[in-house]
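Just below is one structure, and these are the notes that go with it.
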Amino acid sequence: MLIPVGTLEGAKSRLGAVLDAEERDELVRRLATMTIRASVATAEVDATIVVTPDDVVRAIADEAGARPLRQRSRGLNAGLREARDEALAGGADAILVLPIDLPEITSAAIATIVSALNDLPVPVVGIVPDRHGRGTNALYLAPPDVIDVHFGGDSRAAHVAAGEAAGARVVELGGPLTMDLDTADDLLLAEVAHPERSRG
């Protein structure tokens, strides 16, 4: 499992209309902790690498039992390449990339993705798109370097195109991880579904 996390400062700035800086910081810490713990608790996941330039996030990862990796490059995709290289050096034959803005994240949700894709003939590119069908909320790659990562913008289409160009089996999955937190509307939907997780 590869979990990329940027710096906490300025995170989720698009939620600035409904959350102040302190609330956004708390939200990101909570989401990061939830995601890392869910991955570590998933039996189908052999190892969890958290790549981040942020000291606080690395401490969260270490405390949760994940492997923190200091990101030395700039940008999400560059950080993921660093983490993928670490996974390959450790002998990984597949990786699952999971961002931390998925409020429905659970070990069961992760296990469902891995179980659905793990036994397919390689090469495989597995995608959980966001609810708008444009972004990528989870990306499974077997082998780990079957395609490059293309997060940002219309990443779903970019990952599908790259998978097809590589001759990989491209599989799209639904489920709870299609919900992410990018906008105020997303936050509202998440709070309606899980009022106990609201920012109150």
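The values are calculated or read from the model by the stated rules, or taken from the named source; none is laboratory data. Since this is a predicted model, take the numbers as computed values, not measurements. Please note: Cβ atoms are built from the backbone with ideal geometry, for glycine as well, and neighbour counts cover all protein chains shown.
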**Study point:** In the stretch 128-146, residue farthest from LEU181 (Cα to Cα) [restricted to those that are buried (at least 21 other Cβ atoms within 10 Å of the Cβ) and of a type in the set (A, V, I, L, M, F, W, C)]
**Key:** ALA142
Review point. So which residues in the stretch 74-105 are out of contact with any strand residue (DSSP E or B) (no Cβ under 6 Å at 6 or more places or on another chain), modelled with pLDDT of 95 or more, small (Gly, Ala, Ser) and assigned to a loop (DSSP other than H, G, I, E, B), if there are any at all?
Key: GLY90, GLY91, ALA92
Exercise for review: Search the stretch 154-180 for residues that are touching a residue at least 40 places away in the same chain (Cβ under 8 Å) and more than 24 Å from THR112 (Cβ to Cβ) and pair each with any residue that is in a loop (DSSP other than H, G, I, E, B) and of a type outside the set (S, T, N, Q) when their beta-carbon atoms are under 8 Å apart and the residues are at least 6 apart or on different chains.
Suggested key: ALA166/PRO123; ALA166/VAL146; ALA166/ILE147; GLY167/PRO123
Check your understanding: Just to be sure, is ALA87 of a type in the set (Gly, Ala, Ser), surrounded by 14 or more Cβ atoms within 10 Å (Cβ to Cβ), touching a Leu at 6+ places or on another chain (Cβ under 7 Å) and touching a residue at least 12 places away in the same chain (Cβ under 8 Å)?
Key -> yes
Review point. Which condition does ARG81 not pass, out of (1) of a type outside the set (Val, Ile, Thr); (2) surrounded by fewer than 19 Cβ atoms within 10 Å (Cβ to Cβ); (3) over 21 Å from THR7 (Cβ atoms), if it passes all the others?
Key: (3)
